[in-house]
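*Asks:* Sharing a structure with you now.
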Amino acid sequence: MPLLKDAVPLMKEPHPPPQAPLPWILPSLFAAFNVVLLVVFSGLFFAFPCRWLAQNGEWAFPLVTGLLCVLTIFSLVSLNFSDPGILHQGSNEQSPMMVQVMWVNHRAFRLQWCQKCCFHRPPRTYHCPWCNICVEDFDHHCKWVNNCIGHRNFRFFMLLVLSLFLYSGAMLVTCLIFLVRTTHLPFTMDKAIAILVAVPAVGFLLPLFLLLLIQAKSVSAAERSYEGKCRYLQGYNPFDHGCASNWYLTICAPLGPKYMAKAVWLQRMVGSDWAPMQNLHFPMCTSVLSPPAPTSESLQTRDGSPREW
């Protein structure tokens, strides 16, 4: 068939983890431990070095770090309980042998069948083996919050990385200023707590900065982490709308489904409006095709004209 004969894989599916995953309670406890750890270190920070600075008229440091602390805890908790873009299970009446193609920015994508969720997945949708769900616009599974990062919560993830980076930097600067201002004083509990808080703040700064740069580059280029080093055909990314538009779609655009409505409509219309392609072998990874001319062997409407979205 001309439509799928020369199909080239767009990306490789990530290697799934071992078949015997850890019980769900362990990742949940780890995510809760991270929240508690952040609250404990923040409490020590505000109870000792920040309290001394506030008592000596340095109110700017407690105010700035307090706002960053509230923003960090809010983004962390929001990311823990957010919906990453879950696509719910389909019907057993849908056939995995049916081939459907969706156009995205002048590129055709063959919808892949999810054996666990029983529906054809839209482009950039991946079944997370840890959460056992299909996530639209999947980026990665974050074990720090025990949640997937996808279309509906990626902005919370970026907010968390940015706020945690700024908060760690503010804590480090505040502790250093406190230690400089108290060099003439004997070693006290305030100084010990300041050192205890400053050490992990230093350790988090560089990884958070690198992660922030990597995610900013991915957003600018409309790439996703799980796609790895694979590149699109002819150097063209069909999901790339330009740097400014990519940032708007990621941070400010409405959180409705990106492609699911088209995918559901396509699958519902196959029986009455589309001519299916039979006896086709297709790989397990998503494929991208060049826009074909309408032929009798291609997906087309029964009147001979190609369907447009």
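Readers should treat all values here as calculations from the given coordinates under stated rules, not as data from a laboratory. Being a predicted model, the structure only gives us computed values, none of them experimental. Neighbour counts are summed over all protein chains in view; Cβ atoms, including those assigned to glycine, are modelled from backbone coordinates with ideal geometry.
*Asks:* So for segment 33-112, considering every pair of alpha-carbon atoms, how many percent are separated by more than 18 Å?
*Replies:* 66
*Asks:* List the residues, sorted by chain then number, that are 5 or more residues from residue 100 or on another chain and whose placed amide H is less than 5 Å from its amide H.
*Replies:* Hits under the 5 Å cutoff: 111.
*Asks:* What distance in nm lies between label points placed 7 Å from Cα along the C-beta direction at residue 189 and residue 116?
*Replies:* Here the answer is 4.9 nm between the modelled labels.
*Asks:* Full extension from residue 205 to residue 77: what is 0.36 nm times the residue separation minus their Cα-Cα distance, to one decimal in nm?
*Replies:* 44.0 nm is the gain from fully extending residue 205 to residue 77.
*Asks:* Then there is this: Estimate the FRET efficiency between residue 245 and residue 67 by the formula 1/(1 + (r/R0)^6), using the beta-carbon distance for r and 30 Å for R0, to the nearest 0.05.
*Replies:* 0.50
*Asks:* Please list the equivalent ellipsoid semi-axes of segment 126-184, computed as the square roots of five times the alpha-carbon gyration tensor eigenvalues, in descending order and whole angstrom.
*Replies:* 39, 11, 5
*Asks:* State, to one decimal in nm, how far the label point of residue 44 lies from the label point of residue 221, with both points 7 Å from Cα in the Cβ direction.
*Replies:* Here the answer is 3.9 nm between the modelled labels.
*Asks:* Show me 102-109, 172-179 ranked by packing, highest mean number of other Cβ atoms within 10 Å first.
*Replies:* Ranked from most to least packed, the peptides come out as 172-179, 102-109.
*Asks:* Using the C-alpha atoms of segment 145-213, what convex hull volume per residue, in cubic angstrom, is computed?
*Replies:* 88
*Asks:* Here is a follow-up. Highest mean first, how do 66-73, 214-221, 24-31 rank when packing is the count of other Cβ atoms within 10 Å averaged over residues?
*Replies:* 66-73, 214-221, 24-31
*Asks:* Ok, one more. Read phi for every residue in segment 42-51 and hand back ³J(HN,Hα) as whole Hz from Karplus 6.51 cos²θ - 1.76 cosθ + 1.60, θ = phi - 60°, with x for Gly and Pro.
*Replies:* After applying 6.51 cos²θ - 1.76 cosθ + 1.60, I find 5, x, 5, 5, 6, 7, 10, x, 5, 4 Hz.
*Asks:* Using the Karplus curve 6.51 cos²θ - 1.76 cosθ + 1.60 with θ = phi - 60°, what ³J(HN,Hα) values do you get for each residue of segment 206-216, in whole Hz, with x for Gly and Pro?
*Replies:* 5, x, 5, 5, 5, 5, 5, 5, 5, 5, 5
*Asks:* Moving to a separate point now. Could you pull out every residue, at least 5 positions away or on a different chain, whose amide H is within less than 5 Å of the one on residue 108? Hs are placed 1.01 Å off N in the peptide plane, and Pro or chain starts have none.
*Replies:* 289
*Asks:* To continue, here is another question. Short version: ³J(HN,Hα) in whole Hz for each residue of segment 69-83, in order, from phi by Karplus 6.51 cos²θ - 1.76 cosθ + 1.60 (θ = phi - 60°), x for Gly and Pro, what are they?
*Replies:* My calculation for segment 69-83 gives 5, 4, 5, 5, 5, 4, 5, 5, 5, 4, 5, 4, 10, 7, 8 Hz in order.
*Asks:* Residue 181 to residue 97: extension gain in nm, 0.36 nm per residue of separation minus the Cα-Cα distance?
*Replies:* 23.1 nm
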